[in-house]
Amino acid sequence: MSKSNKHIIKRATALVFAAAGVIAMTGCGATSAGSSTSGGTAVQKLGKAEGEVSILAWPGYVEDGSDDPDVDWVSEFEQDTGCQVTSKTYGTSDEAYNLIKTSDKYDVIAASGDLTLRLINSGLVQPVNTDLIPNYKDVYSFLKNRDFNTVDGKSYGVPHGYGANLLMYNKSDFSKEPTSWDVVFNQSKASQFSGKVTAYDSPIYIADAAIYLMAHKPELKIKNPYALDEDQLQAAVDLLKEQNKNVGEYWSDSLKLAQAFQSGDTVVGTGWQVVYNQLDSSKFGITTPSEGVTGWSDTWMISSKTKHTTCAYKWLDYIDSPKANAQATEYFGEAPANKNACQYASDGKFCDVYHAGDEEFEKKIWYWNTPIKQCIDGRTDVKCTDYTEWTKAWQEIKG
C-alpha cells in the first residue's frame, strides 16, 4: 500500500465514522475545568508537567512513527515537554463519547463537530483558557469561537484544521466546470447522468440537500442546514428521494470513490480534496459550488476528569504550533489551523490546494454540527428535527 493510500484510508475512516457516529445530545449541565469536580471555570495557571498525557483521537491525528518512521510529530512533543504520550484511536463519535463518559483515563480528545456539543452539554470536557495556549493567537480567526465548540462565550478547545465536501466531476462529461449543485440535485440536469451520480452515504448528507434548498427554495426559510423543522426536513427528504433515482452508488469508502471515477462508473458527485489528489487532473475536476458546501473542523478538547492538566494544555499548544500543525494536517489531508503552518509543509502547494487561510473559501463551508431539537439557528417558536429523525429519514431516502 502506498503512503498516499494510507493517508486516504485514515481520512476515510475518520470522516465516515464522524458522520455516522452522531446521535442526539442529552441536556446536562456544564462542568469542571481542570479537575473531576463540577464547575465550569477554566484554569488560570498551570503547574509542573505531570509527565504523561493520554489522547483519544481519530486515526492519523497522533502519529509517533510506529506506523511509518517518517511520520512522527509525537516524539518531538515528548522530548520538549517531558509528557509521555499514550493514544487510542476511535471509529465513531458515539464510541468516543462512551469512552470518555465511562473512563477517566483520557486527558485529551480530538472531536468532530458532531461530538463537541455532546461532550460539553454532558459535562465531559472543560472550558479552556486560551491565554495558556500561546500558539492559539496564530490560529485563523475564522476557526475560533464557533457554535460547535463555544458555549456562553466559553471556548472548549482549540481547532485542529478544516476541510470541505466538494463537487467532483469527470471533465469528459462537462464542457465547462459546473458552478452549482444542480448537476446532482436538479432532476432535469442530473437525469442525464442517471446511474452515475454519487452521494455521501450518511444521514448528515441531508445537510447538503438543505444547503441547495437554502439557495433555490428561499420560501422554506432555511437559515442553517443543521436546523431543520419538520417541513424543512421533509423538503430535503423529497429532494434526496428525487436524487436517488440518479445515484449509482452511495459511497463511504474513499478509495472506492476514486476507483469509481477512474472506471467511469461515477461521473459527478460529492468528494474530498484528498481523493481528488489521487486522480488525473487533466481528466477530472473538483469545485466549490455557488450554494456552498458542508465540511468539518475538529477540536482538541480537555477532559473534565483529567489529572494531567498541564500536559493536556501543552499538547493543545503543541498541536497548534506551526510545524506540528503542518505535519498533522498535511498527512491527514486538510487545511491547517495555524496561519504560520504553511512554511513547514513538505509540499509547497499544500496550503494552496487545501485553501489554507482563504477566508472567502471558508465562508462557504457549513461545518458539521449535531441536529438537535433546540433549533441552533435561534428559532424558539418551533422544534427542529434531531439526528434520530435524520437517521430514519436517510433510511427512507435510500429505500
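The values are calculated or read from the model by the stated rules, or taken from the named source; none is laboratory data. In this text the structure is predicted, and so the values were computed from the model without any measurement. Counting neighbours? That spans all protein chains shown, and the Cβs are built from the backbone with ideal geometry, glycine included. All accessible areas refer to the heavy atoms of the entire protein, side chains included, with ligands and DNA or RNA removed. Shrake-Rupley method; radii C 1.70, N 1.55, O 1.52, S 1.80 Å.
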- Query: If you build a Gaussian network model of the chain, linking Cα atoms that sit under 10 Å apart, which residue out of D231, D320, D381 swings the most?
  - Reply: D381
- Message: A 29 angstrom limit on the alpha carbon distance is what I want to check against. Which of K154/K223; K144/K217; K154/K392; K245/K392; K144/K392; K45/K305 exceed it?
- Response: K144/K217; K154/K392; K144/K392
- So the angle from the long Cα axis of helix 309-319 to the longest Cα principal axis of the chain, reported in degrees to the nearest 10, equals 40 degrees
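Hey, what's the per residue convex hull volume over the C-alpha atoms of the stretch 290-399, in cubic angstrom?
189 Å³
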- Ignoring ligands, DNA and RNA, what percent of the 1.4 Å accessible area of the chain is carbon and sulfur? 45 percent
- Query: Between E230 and Q84, what is the label-to-label distance in nm when each label sits 7 Å out along the Cα-to-Cβ direction?
  - Reply: 5.8 nm
- Only Lys, Arg, Asp and Glu count, each charged at its Cβ (+1, +1, -1, -1), so figure out the dipole size of the stretch 247-389 about its Cα centre, rounded to 20 debye. 500 debye
- Query: Under a plain spin-label model, where a point goes 7 Å from the Cα along Cα-to-Cβ, how far apart in nm are L46 and N145?
  - Reply: 2.3 nm
- Could you work out the helix-only [θ] at 222 nm for the chain, with each DSSP H run of four or more residues adding -39,500 (n - 2.57) and the total divided by the number of residues, to the nearest 500 deg cm²/dmol? -9500 deg cm²/dmol
- Query: Using a 1.4 Å probe, what is the accessible area per residue for the chain, in Å²?
  - Reply: 40 Å²
- Query: Which loop trypsin sites (Lys or Arg not before Pro) in the stretch 34-137, with loop taken from DSSP, have no more than 10 other Cβ atoms within 10 angstrom of their Cβ?
  - Reply: K45, K48
- Query: Stokes-Einstein D for the stretch 177-245 at 20 °C, 1.002 mPa s, Kirkwood Rh over Cα pairs, in µm²/s?
  - Reply: 174 µm²/s
- Cα axis of helix 322-332 to longest principal axis of the chain: angle in degrees, 0 to 90, nearest 10? 40 degrees
- Rounded to 0.05, the calculated FRET efficiency for the beta carbons of S75 and K221 at R₀ = 51 Å is 0.45
- Item | Zone of K245's modelled label, taken as backbone nitrogen in the stretch 155-195 under 17 Å from a point 7 Å along Cα→Cβ | 182-195
- Task: Name the residue, out of V71, V382, V53, whose mean-square fluctuation peaks in a Gaussian network model built on the chain with Cα pairs under 10 Å.
- Result: V382
- Query: Can you give the angle from 0 to 90° between the axis of helix 93-102 and the longest principal axis of the chain, with both taken from C-alpha atoms, to the nearest 10?
  - Reply: 20 degrees
- Query: Dipole size in debye (nearest 20) for the stretch 111-158 around its Cα centre, Lys and Arg Cβ +1, Asp and Glu Cβ -1?
  - Reply: 0 debye
- Message: Taking 30 Å as R0, compute the FRET efficiency from the Cβ-Cβ separation of D347 and K171 and round it to 0.05.
- Response: 0.80
- Message: What three numbers, in Å, describe the spread of the alpha carbons of the stretch 334-399 along their principal axes, ordered from the longest?
- Response: 47, 33, 16
- Message: How big is the dipole moment of the stretch 307-399 about its Cα centre under a simple scheme where the beta carbon of each Lys and Arg is +1, that of each Asp and Glu is -1, and everything else is neutral? Debye, nearest 20, please.
- Response: 360 debye
- Convex hull over the Cα atoms of the stretch 286-331, averaged projected area in nm²? 5.2 nm²
- If all Cα-Cα distances of the stretch 119-224 are sorted into 10 Å bins from 0 onward, what percent lands in each bin, rounded to whole numbers? 11, 29, 26, 21, 12, 1
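Quote the convex hull volume per residue of the chain, based on C-alpha atoms, as a whole number of Å³.
Working: hull volume 51.7 nm³, N = 399.
It is 129 Å³ per residue.
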